[in-house]
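Q: Could you have a look at this structure, given as C-alpha cells, before my questions?
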Amino acid sequence: MQSRNGNIHLRSAGTSVVIDLAAPGFPAIIHWGEDLGELSESQLSDISIAARPQRVSGGLDNPSRLTLVPLESAGWQNEPGLVGSRSGQDFSPSFGLAEAQGSTAEDGNTASVRLRSVDKHAQLELQTTLTLDDAGLLHQQHTLTNVGTTDYELQQLLATFPVPQSARELLDTTGRHLRERSPQRHGFTTGRHVRDSRRGRPGADSTLFLAAGTPGFGFEQGLVHAVHLAWSGNQRVAAERTVAAHGLLQAGELLAPGELILGPGDRYTTPDAMGSWGDGLTAVSARFHESVRARPNHPASSRPVTLNTWEAVYFDHDLERLTRLADAGARVGVERFVLDDGWFRGRRDDTAGLGDWFVDDDMWPRGLTPIVDHVTALGMQFGLWVEPEMVNADSELARAHPDWILQAGGHLPLEGRQQQVLDLSNGAVYEYLLERLDALLRAYDIAYLKWDHNRDLLEAGSSATARAAVHNNVLALYRLLDELKARHPELEIESCASGGARVDLGILSHTDRIWTSDCIDPIERLTIQKYTNIVVPYELMGAHIGGPWSHSTGRRHELALRAGVALPGHFGIEWDISRLDDAELDELAAWVDAHKRIRELSHRGRAVYADLPDESADLRGVVSHDREQALFAYTQVTTSTSYPPGAITFPALDDDRVYRVSLASPTTPLEGPGQSPLAWTEHPVHLTGRALRTMGIQAPVLFPEQLRLIDIVAI
C-alpha cells in the first residue's frame with residue numbers, strides 16, 4: 001500500500017485501487033483495475049489531478065465526483081449512496097474525513113484502508129473499509145453509527161464501485177424455480193439499471209452478480225468488472241451511467257420502511273460487497289474462487305460423494321427400501337448418505353409437520369438408529385434433511401405458538417407450499433430451534449444437515465416488534481448456523497432454498513455448500529452451473545446425477561451426459577439406484593471413480609469456459625494452477641448447422657508447453673453418428689497450448705445431448 005499527498009494506492013494480485021482522499025464530499029476511487037505498478041509521490045498525486053473534471057454550462061460550480069458514498073450535499077444528483085433521516089430532518093448528510101488508516105499484511109499483498117468520516121450537524125459517523133485481498137478481490141463495507149441523541153432511520157446504504165468508460169454492456173442473471181441464474185445482457189446506456197430482491201432471501205430470480213464490460217465481452221476476453229453482495233436477505237444491485245460520464249456498480253441491503261432504526265449509539269454495518277475484474281469472465285471468476293478458497297472455514301477435506309434420497313423415494317420412508325438404497329450407494333462408491341424430507345412427526349406429505357422436529361414414532365419406532373447404524377457400518381457418513389425456518393399450519397408448533405410466525409398487521413401472509421416462516425429474531429424461536437437441532441445431532445451420528453428453505457417471505461414482520469424483520473432474521477440465521485457448528489465442529493451444512501434460491505457468499509460463510517438447483521436435467525444444468533460458477537467454486541456447488549428420466553423437465557438422457565455435467569461439482573446421486581442391475585451399477589461406479597480421480601483438480605483448479613462460435617456446442621473444463629493438467633467436457637447441446645462440426649479451441653493452457661490430448665474415460669471409445677474414425681481419438685496427438693488455443697482440434701460428431709470428456713496433460 002502506498003499513501004501520498006492525500007491519495008492511497010492499494011495493490012495486490014495484479015490489481016490497483018487508487019483512492020483520492022481529497023475528493024469533494026467524500027473519498028473517491030479513481031482507479032480500480034489493472035496494476036499501475038509502483039508509483040512515485042508525484043505520479044500518485046498527478047493521477048488525482050488528471051481525474052478532476054472541468055465545470056460545464058448548466059452544471060454546478062464545483063463539478064460532482066463519483067465518491068465511495070455519493071451524496072447530494074457534494075453535488076451528486078443521481079442515486080445517493082446513503083438515504084435516511086431523523087423523522088424527516090437531517091435528510092442530507094455531509095461528511096468530513098476525520099481519519100484514514102491503512103495497513104498491509106505480513107505477506108505484503110493484502111492491503112486495506114479504513115476511513116472515518118463525521119457529520120457533526122447530522123450527528124452521524126461513517127466508517128468505510130476497503131480491502132484488496134490476495135486474489136485481487138476488492139471488498140467494501142460501511143458502518144454507520146448514530147452519535148446523536150434521537151433515533152435515525154436508515155433507508156439505504158450502498159457500496160459504490162466505479163467502472164471504466166469502456167463498460168458499455170451489462171450482464172446479470174434472472175431465473176425461476178428449476179431454472180436459476182439464466183444470463184441476460186443489456187446495453188449500459190445513460191440511466192439506472194436496478195435489480196431488487198424482495199423475497200426475504202436472494203430468490204431464484206435474483207442476480208448472483210452484476211457485470212459491466214466492453215460490448216460482447218465473454219469468458220475468454222473483454223475487460224469486465226463485476227460485483228457480488230454476500231448477503232442472504234433482501235438486496236439491491238444496480239448499475240448507473242450518468243450524463244457526466246460516470247459509470248458505477250452498487251450493491252447493498254434492501255431495507256423495508258422502519259426496518260432499521262438506529263437508536264443513540266447504535267450502528268449498522270453493510271454486507272460485504274465484493275468487486276472483481278479481469279480480461280474475460282473467467283478472470284473475474286478466478287478472483288472470486290481464489291478469495292473464497294482462502295477463507296479459514298473453507299472445506300479442507302475432499303468433498304464426499306453424496307447420495308440423497310429425495311428423487312429416489314420421496315416421502316416413502318420404508319427402512320428396508322432405504323437400506324437397499326444405502327447398500328447400492330456403498331457398492332458404487334458413495335461416501336455420504338442423506339435422508340431427505342419425511343422423517344419427522346406427522347410428515348406424510350408437504351402439508352403438515354414442519355416445526356415439529358421430533359423423529360416420527362410411527363414411521364421410525366426405533367428412531368433413526370437403524371438407518372444411521374446401517375449407513376455408518378457401510379463406511380458412509382449420514383446426513384439429514386431439515387427446514388428449520390419454516391412451519392406448517394398443521395403442526396403442534398403452529399398451534400401452540402402462532403405468534404412465532406412472521407406476519408404483519410395482525411394477519412398471516414399468504415401461504416407458499418402450505419407453509420409459513422418462523423421469526424428467528426424472536427429469542428424463543430431461536431432457542432427452540434437450537435435445542436431441537438442440537439438434540440438430534442447429539443442423539444445420532446449425523447455428519448451433515450441439508451438445510452432447506454422452501455418459500456419466499458411475504459409481509460415478513462415480527463409480532464414481537466411489529467416491524468419488518470428480514471434483516472434481523474438473516475443475522476439470527478447466521479448465528480444459529482454458527483452455534484450449531486461450534487457445538488458440533490465436524491458438522492457440515494448445505495444451504496438449499498427451493499433449490500438455488502439462496503446462493504450467495506454470505507450464506508456460504510456459515511455453510512459448506514449450496515444446492516445449485518432442484519433441476520438436475522443436465523441440459524438445464526449446463527447454464528445453471530456455468531453462471532453459478534462465476535462466483536461459487538465447484539466444490540461448493542451440489543451437482544448430482546439424476547435418473548434417466550428428469551423429474552423436472554420430462555426429458556431422458558444417457559448416463560454419460562447426466563454424470564459428465566455433474567462431474568466437476570460436489571458430486572452426488574439423486575436416483576433410486578437400488579433398482580439397477582450389476583452392469584448398470586458398474587457403469588455408475590465408473591463415473592464415481594472418475595470423479596474421485598479428478599476432484600482435487602476440479603476443486604482446486606481454475607474453471608474455464610470456451611467462447612465457441614457455434615452455439616450448438618459447449619466446452620468447459622478445469623485447468624490446474626500449474627497448467628500441467630486439464631480436463632474438458634465437450635457437449636453437443638443441439639444439432640449444428642455445420643456437419644461435421646468445426647474445430648474446438650481450449651483456453652487457459654500454457655502456450656509454450658506440449659500437451660497430450662486424448663478422450664478420457666468413461667466416455668471412450670468414441671461412438672456416435674460419425675461414419676469414420678476421428679483421427680486424434682485413434683492416435684492421441686501432442687500439441688502446444690498455443691496450437692490448442694488458436695487452431696484447436698476437430699470436434700467429434702455427436703448426436704444432440706451427448707457429452708465426451710477430453711484429457712489434456714503436459715508432457
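The values are calculated or read from the model by the stated rules, or taken from the named source; none is laboratory data. These numbers come from a predicted model, not from an experiment. When we count neighbours, we look across all protein chains shown, and the Cβ atoms used for this are built from the backbone with ideal geometry, even at glycine. Areas reflect the complete protein model, heavy atoms only, side chains present, ligands, DNA and RNA absent. Shrake-Rupley method; radii C 1.70, N 1.55, O 1.52, S 1.80 Å.
Q: Restricted to region 559-577, and to residues that are in contact with an Asp or Glu (Cβ under 8 Å, 6 or more places away or on another chain) and among the charged types (D, E, K, R), which residue is nearest to R303 (Cα to Cα)?
A: E574
Q: Yes or no: D654 modelled with pLDDT of 95 or more and either out of contact with any helix residue (DSSP H, G or I) (no Cβ under 6 Å at 6 or more places or on another chain) or in a loop (DSSP other than H, G, I, E, B) (or both)?
A: Yes.
Q: Which residue is most open to solvent (accessible area, probe 1.4 Å), if the candidates are limited to region 627-666 and must be over 19 Å from P613 (Cα atoms) and among the β-branched types (V, I, T)?
A: V658
Q: How many residues, within region 1-50, are open to solvent by less than 40 Å² (accessible area, probe 1.4 Å) and of a type in the set (A, V, I, L, M, F, W, C)?
A: So the answer is 13.
Q: Pick from D279, D316, D266: which is closer than 26 Å to S166 by Cα and surrounded by fewer than 19 Cβ atoms within 10 Å (Cβ to Cβ)?
A: Unique residue meeting the criteria: D279.
Q: Let me ask something else about it. Is there a residue in region 139-160 that is among the aliphatic types (A, V, I, L, M), closer than 30 Å to R693 by Cα and open to solvent by less than 20 Å² (accessible area, probe 1.4 Å)?
A: Looking through region 139-160, none of the residues is among the aliphatic types (A, V, I, L, M), closer than 30 Å to R693 by Cα and open to solvent by less than 20 Å² (accessible area, probe 1.4 Å).
Q: Any idea which residue in region 602-616 is surrounded by the fewest Cβ atoms within 10 Å (Cβ to Cβ), counting only those that are touching a residue at least 60 places away in the same chain (Cβ under 8 Å) and farther than 15 Å from A633 by Cα?
A: Among those residues, the one meeting the criterion is R604.
Q: Another question, if that's okay. When L588 is evaluated against the numbered criteria (1) in contact (Cβ under 8 Å) with a residue 40 or more places away in the chain; (2) open to solvent by 10 Å² or more (accessible area, probe 1.4 Å); (3) part of a helix (DSSP H, G or I), which criterion, by number, is the only one it fails?
A: Status for L588: all satisfied but (2).
Q: Return the pair list, or none, for Cβ contacts closer than 6 Å from residues in region 175-189 that are at positive phi to residues that are of a type outside the set (V, I, T) and part of a loop (DSSP other than H, G, I, E, B), at least 6 apart or on different chains.
A: What qualifies is G175/A204; G175/D205; L178/D518; L178/C519; L178/S552; R181/L208.
Q: So, one more: Filter region 286-332 down to residues that are within 23 Å of the chain's Cα centre (by Cα) and over 24 Å from E492 (Cβ atoms), then give me how many there are.
A: 2
Q: Identify, please: which residue in region 357-390 is among the β-branched types (V, I, T) and not in a strand (DSSP E or B) and is, among those, farthest from G416 (Cα to Cα)?
A: That would be T376.
Q: Among the listed residues A393, A400, identify the single one that is of a type in the set (A, V, I, L, M), modelled with pLDDT of 95 or more, within 35 Å of the chain's Cα centre (by Cα) and open to solvent by 10 Å² or more (accessible area, probe 1.4 Å).
A: After applying the criteria, what remains is A393.
Q: On to the next question. Any residue in region 464-490 that's open to solvent by 50 Å² or more (accessible area, probe 1.4 Å): show its pairings with residues that are among the polar types (S, T, N, Q) at Cβ separation under 6 Å, as long as the two are six or more apart or on different chains.
A: Hits for this filter: A464/N426; N472/S425.
Q: Using the structure shown, decide if G136 is over 16 Å from T270 (Cβ atoms), within 32 Å of the chain's Cα centre (by Cα), not in a loop (DSSP other than H, G, I, E, B) and not polar (S, T, N, Q).
A: no
Q: Can I ask one more? Based on what the data block shows, is E72 within 21 Å of Q250 (Cα to Cα), buried (at least 17 other Cβ atoms within 10 Å of the Cβ) and without any contact (Cβ under 8 Å) to a residue 40 or more places away in the chain?
A: Yes; evaluated as a whole, the condition is true for this residue.
Q: How many residues, within region 491-508, are farther than 14 Å from P202 by Cβ and open to solvent by 10 Å² or more (accessible area, probe 1.4 Å)?
A: Adding up the residues that qualify gives 1.
Q: Among I545, I514, which is the only one that is out of contact with any Ser or Thr (no Cβ under 7 Å at 6 or more places or on another chain), part of a strand (DSSP E or B) and buried (at least 22 other Cβ atoms within 10 Å of the Cβ)?
A: From the options I545, I514, the qualifying one is I545.
Q: Looking at region 393-448 only, could you name the residues that are free of Cβ contacts under 8 Å to residues at least 60 places away in the same chain, of a type in the set (S, T, N, Q) and not in a strand (DSSP E or B)?
A: The answer is S395, Q407, S425, N426.
Q: Given region 1-93, what strands (runs of 3 or more DSSP E) lie entirely inside it while holding 1 or more residues that are among the aromatic types (F, W, Y)?
A: Because the criterion is at least 1 residues that are among the aromatic types (F, W, Y), the strands (runs of 3 or more DSSP E) in region 1-93 that meet it are 28-34.
Q: Next question, about the same structure. I'd like the full set of residues that are part of a helix (DSSP H, G or I) and either surrounded by fewer than 16 Cβ atoms within 10 Å (Cβ to Cβ) or free of Cβ contacts under 8 Å to residues at least 12 places away in the same chain (or both), limited to region 667-714.
A: Selection gives A679, E682, R690, A691, T694.
Q: Tell me, yes or no, whether region 269-289 has at least one residue that is part of a loop (DSSP other than H, G, I, E, B) and aliphatic (A, V, I, L, M).
A: no
Q: Please go through region 103-135 and give me each residue that is open to solvent by 40 Å² or more (accessible area, probe 1.4 Å), in contact with a strand residue (DSSP E or B) (Cβ under 6 Å, 6 or more places away or on another chain) and modelled with pLDDT under 95, ordered by number.
A: Matches in region 103-135: S103, T104, N109.
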